[in-house]
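Structure first, commentary second.
The values are calculated or read from the model by the stated rules, or taken from the named source; none is laboratory data. Since the structure is predicted, the reported quantities are computational estimates derived from the model, not experimental observations. Note that each Cβ is placed from the backbone with ideal geometry, even for glycine, and that neighbours are counted across all protein chains shown.
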Amino acid sequence: MTLLLHLIQMKNRIFGHLLPLRTAEKARDFFLTPRRFPVRMWEKEKEAQGRRFAINDCLSAITWGTSKRKILLVHGWESRATQLAGFVDPLVLNGFQVVAVDAPAHGFSLGKQSTPLMFAEAIQTVDQQIGPFNGILGHSMGGSAVGINLSNGLNYEKTVLISSPSSMINVLQRFAQLIGLPPKSASTFIRLVEEAVGVPAKNLDIAEKLKGLQHDGLIIHDIDDQEVPFGDAASINRSWTSSKLILTRGFGHRSIVRQPKVWNEVAAFFSNMAAGHHISRPAK
């Protein structure tokens, strides 16, 4: 545990008892406001190889390759499109165009706060503007957003979920525990986030939403993930009858998307697709 986290926990334990609503409000704002970290050199290099374009006035995306067969990449919380750069070359070499979107309040996209539903809406917008896509990959919160859209009718021949939570209520509870919120302030924090998102957290149970899904799925999760327990992957895999689960070790939650072993597993999975498949979009 870092000294900063220890201090945050101490502060929240004290003020969570004295000022539970105010403490919960601050926790909500902290939870919904992603930090933006410096862009690394390898990201800049991959950015220079792609073509950056605007999806609309708020959303930015980048693409590599020119094939009519397309794969959409969706990053996780406090990440950005170029942090999935390692997947690009193996997919392009296997005959795909790769599109990666910056979610709201991430990367080059505008905004100060974001939610799982905003991630999901960004995916829908990209699909409407430049789809259809043959396959989709989501990491962490991006995987949750993919799951939400799959349950709402978007359909791909193949889907990859990496380090994805199975339940948003569990995400909120783990966050409240991590920052040291006492029970009353924690329950208020969850209610405030639900109000901001617009739906109860229990309605964003990804494992439940993927029950009965027929198209092929690949779930990749690290046993040493300290942010999203690998049990979440097992839960999703149990619900998704046509999925395959691959567990890794030693990569953690974020570094897993920077591993050649993972890039190659994903490229091999997607390369086994019929060339003519298209998304079946939900009725408007």
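Scan Leu154, Leu218 and give me the residue that is at pLDDT below 90 and of a type outside the set (D, E, K, R).
One residue alone meets the criteria, Leu154.
Count, please, the residues in segment 16-42 that happen to be touching a Ser or Thr at 6+ places or on another chain (Cβ under 7 Å), assigned to a helix (DSSP H, G or I) and either surrounded by 17 or more Cβ atoms within 10 Å (Cβ to Cβ) or at pLDDT 95 or above (or both).
Matching residues across segment 16-42 total 5.
Quick grid of which residues meet (1) surrounded by 18 or more Cβ atoms within 10 Å (Cβ to Cβ); (2) farther than 23 Å from His106 by Cα; (3) of a type outside the set (Gly, Ala, Ser):
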| position | (1), (2), (3) |
| --- | --- |
| Gly142 | yes, no, no |
| Asn149 | yes, no, yes |
| Pro165 | yes, no, yes |
| Thr188 | yes, yes, yes |
| Arg191 | no, yes, yes |
| Glu195 | no, no, yes |
| Ala201 | yes, no, no |
| Ile206 | yes, no, yes |
| Gly217 | yes, yes, no |
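Go through segment 239-278 residue by residue and tally those that are over 20 Å from the mean Cα position of the chain (by Cα) and modelled with pLDDT under 95.
So the count comes out to 10.
Restricted to segment 1-57, and to residues that are free of Cβ contacts under 8 Å to residues at least 12 places away in the same chain and small (Gly, Ala, Ser), which residue is farthest from Gly107 (Cα to Cα)?
Applying the filter and picking the extreme gives Ala48.
So which residues in segment 150-185 are closer than 24 Å to Ala24 by Cα and in contact with a Pro (Cβ under 7 Å, 6 or more places away or on another chain)?
Answer for segment 150-185, where residues must be closer than 24 Å to Ala24 by Cα and in contact with a Pro (Cβ under 7 Å, 6 or more places away or on another chain): Met168, Val171, Lys184, Ser185.
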